[in-house]
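Down below is the structure, laid out as structure tokens.
Just so it is clear, none of the values below were taken in a lab; they were calculated from the coordinates. The structure displayed is predicted, hence computed values, not measured ones. Glycine also receives a Cβ, built like all others from the backbone with ideal geometry; neighbour counts cover every protein chain displayed.
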Amino acid sequence: MTAARPLRFGVIGTSGHATRIAAPALAVSPEAVLLGAAGSRPERSGELAKRHNLERSYASLEALLGDPDVDAVWICSPNHLHAAHVARCAAAGKHVLVEKPLATSVRDADAAIEAAGRAGVTLAVGYQHRFRPAHRRLFDLVRGGAVGALGLVRIHRFWQWPYYEDMDPSGPPAWRRSSAESGGWVTNDLGSHLIDLALWLSGLPATLVGAALATQRFAVETEDTAALLLSLGGDAIGIVETSAANASPGSRIEIYGDSGWIRAEDTLTGEGRIVTSAGEEAPFPAPAACEPYAAEVADFVRAVRGHPLMGATCGDGAAVVALLEAAAAAGVRMRRASAPAPGPGSPAHRPGA
């Protein structure tokens, strides 16, 4: 591999994120090219190859990993498969960009990191919101001392299901409904991004203080609304609010310190702006859907070539997993009386349990 040649990717997954985001993002990247994908069924790989004009179609994961032309793999499989897929890609000598979360347990996250380290491959986690220009500005402001000593970070982002028109309005796919397979629906799907932003912007380690996990609208054994309370660095407070069930006027990031404050409005959801106590007010156009992902890919390619990773490292991903696992274990669980009950075989829900 030379610096002049694009990094050649394979994708694990052929529906959802793989076809909606990964393939288009790689298509517009001058630093990367997508050769093909492997899914749960060979025909799906062929369908994705046809839809995105790909060079190859892989009948199995083994075929993808056995292709010597594949330099790196973008893992877009269900959450509970991430760690095992990281290990298999690493053993095959492939660099790995894995969608969040890195894993559904601390044990599996540690195993994934160990596998990548043993193989000497680059492992990064897909927290693309770091690459929104507004959030890069937030990072520079906070790290530059604009608020002084950090006191509180609050991040609010709701996204009502269905996220896209082709999604089932009755709720998410079966694996997202399952605690074992998703690790939690909205906490892992939307909330993990918000936790990563809180840790990245603050630069502080975090522990879980409390969590409320509510099932309010959908027939899932997981949750569709959540609020997490974090301790940042021991004396600062982090608040994360997210929901796939409730309406919201937009997203907001609030950062308060002993000498200033910053508010970022709608920077997670569209055209946004940043306002500071110092009088700065800066608008930020809504990026195209694939733009933050394309920037993430470019950063990953640079990391593979020996440059520092600006995106989420495997250690960053593991820190988020630890907080999500703690929330799943210790969070107060609530179910609205009018919410549909989950299907047969799902764990029973006890209000307040």
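General remarks:
- Counting Lys and Arg as +1 and Asp and Glu as -1 over every other residue whose Cβ lies under 13 Å from the Cβ of L228, the net charge comes to -2.
- Pairwise label distance in nanometres, A219 with D140, each label 7 Å out on the Cα-Cβ vector: 5.1
- Around A303: net Lys/Arg minus Asp/Glu count, Cβ-Cβ under 12 Å: -1
- Highest-first arrangement of 190-198, 87-95, where packing means the average Cβ count within 10 Å: 190-198, 87-95
- Largest to smallest principal axis extent of the C-alpha atoms in segment 43-174, angstrom: 54, 42, 30
- Look at the dipole of the chain built from charges on Cβ: of P78, P287, L229, the Cα furthest out on the positive end belongs to P78.
- Convex hull volume per residue for segment 266-324, taking Cα atoms only, in Å³: 145
- Compactness of segment 199-263 - radius of gyration and Dmax, Cα, Å: 14.1, 45
- Long-range tail of P(r) for segment 1-86 (Cα pairs > 16 Å, %): 46
- For the chain, the longest site-free run once GluC sites (Glu not before Pro) in DSSP loop states with at most 16 other Cβ atoms within 10 Å are removed: 56-164
- Computed magnitude of the charge dipole of segment 1-121 (debye, nearest 20; Cβ of K, R +1, Cβ of D, E -1): 200
- Scaled against 2.2 N^0.38 Å for its residue count N, the alpha carbon radius of gyration of segment 201-353 is 1.26.
- Charge sum, other residues only, whose C-beta stays under 12 Å from A312's C-beta, Lys/Arg counted +1 and Asp/Glu -1: -3
- Note: segment 156-236, Cα convex hull, 100 Å³ per residue.
- Candidate values [x] 26; [y] 18; [z] 22, label of the one derived for percent of Cα pairs over 35 Å apart: [z]
- Each principal axis of segment 112-179 carries a Cα extent, and these read 45, 39, 23 Å when sorted largest first.
- Alpha-carbon centroids, segment 246-274 and segment 1-62: separation in whole Å: 35
- Sequentially through segment 321-329, phi angles give Karplus couplings (6.51, -1.76, 1.60; θ = phi - 60°) of 4, 4, 5, 5, 5, 5, 5, 5, 7 Hz, Gly and Pro residues having no value and appearing as x.
- A simple spin-label model places pseudo-atoms 7 Å from Cα toward Cβ; at S338 and R51 they are separated by 3.5 nm.
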